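**Q** To start, I am sharing the structure in question, which I have written as structure tokens.
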Amino acid sequence: GQSLEQPSEVTAVEGAIVQINCTYQTSGFYGLSWYQQHDGGAPTFLSYNALDGLEETGRFSSFLSRSDSYGYLLLQELQMKDSASYFCAVRDQGGFQKLVFGTGTRLLVSP
Amino acid sequence: EAGVAQSPRYKIIEKRQSVAFWCNPISGHATLYWYQQILGQGPKLLIQFQNNGVVDDSQLPKDRFSAERLKGVDSTLKIQPAKLEDSAVYLCASTPSVGSSAKNIQYFGAGTRLSVL
């Protein structure tokens, strides 16, 4: 079967750094994506890793280790607006971009 | 560029009633997805279209759910009859063609929140 594990909730203060981990077991693997979703809002794309290593985009970075079936999202200089749910998602097929989502990590940023 | 449009935003129905959701993807996006997101969970793929053809509907409860994308543009998802456990947010997403630099990005609509009483 397919499974992705993430912590259910993470708390941090403004200005801090937080890491959200994701481990996966899927039948196939072509890449790991991260999406952000505010309450009542649409999921929005943050990053995609197909190869091992770190990808940096502004305050957010994403890491992948294919041999460990593991990745993480790193959020730096946290802001109140970063309070949201974060989902990792595996692209498990090479063809039509199908994603399998994790259960999500709720990040609460306090002043 | 306009985003993915969905309607209605909210719907409340009684169990055993029927309901339909509409989605208009980003212009030019060939791939369209319908997801079900139950409160506290991640989105679960129900059906995926490539133009007007179905690519994956393995997780669609076909005894009650149906979807179509007749002209390869907008799409409709229907539930008939609805059950209590169908209460969820139904999200539509679209992806550019394989040749696009954004091919690994799914663009989501705001979703339709369905409550079945």
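Values in this text are rule-based calculations from the coordinates and carry no lab data. Here the structure is a predicted model, which is why all the values come from computation and not from measurement. Glycine gets a Cβ as well: all are built from the backbone with ideal geometry, and neighbour counts include every protein chain shown.
**Q** R0 = 22 Å: FRET efficiency of B:Ala102 with B:Asp74, Cβ-based, nearest 0.05?
**A** 0.60
**Q** Right, next: Restricting to lysines 8 or more places apart or on different chains, can you count the pairs in the protein assembly as shown with Cα atoms under 19 Å from each other?
**A** Value for the protein assembly as shown: 12.
**Q** Could you list B:Cys92, A:Cys88 so that the one with the fewest beta carbons within 10 Å of its beta carbon is first and the one with the most is last?
**A** B:Cys92, A:Cys88
**Q** Two-decimal Rg/Rh of the protein assembly as shown from alpha-carbon positions, Kirkwood Rh?
**A** My calculation of the ratio gives 0.97.
**Q** Taking the Cα atoms of chain B, report the difference between the largest and smallest coordinate on each principal axis, in whole Å and largest first.
**A** Reported extents, whole Å, longest axis first: 44, 24, 23.
**Q** Shifting gears a bit: Starting at the first residue of segment B:2-12, write each ³J(HN,Hα) from the Karplus equation 6.51 cos²θ - 1.76 cosθ + 1.60 with θ = phi - 60°, in whole Hz, x for Gly and Pro.
**A** Per residue, the Karplus-derived 3J(HN,Hα) values read 6, x, 6, 9, 10, 8, x, 7, 9, 8, 10 Hz.
**Q** Starting at the first residue of segment A:47-54, write each ³J(HN,Hα) from the Karplus equation 6.51 cos²θ - 1.76 cosθ + 1.60 with θ = phi - 60°, in whole Hz, x for Gly and Pro.
**A** In residue order, the calculated couplings are 7, 9, 10, 9, 10, 4, x, 10 Hz.
**Q** What Kirkwood Rh does chain A have if only Cα atoms enter the pairwise 1/r average? Answer in Å.
**A** 14.0 Å
**Q** Tell me, what is a quarter of the convex hull surface for the C-alpha atoms of segment A:1-46, in nm² with one decimal?
**A** Quarter of the Cα hull surface area: 4.6 nm².
**Q** Taking amide H positions as placed in the peptide plane 1.01 Å from N, state which residues far from B:Thr31 in sequence (5 or more) or on other chains have amide H under 5 Å from it.
**A** Here the answer is B:Asn51, B:Thr95, since their amide H atoms fall under 5 Å of that of B:Thr31.
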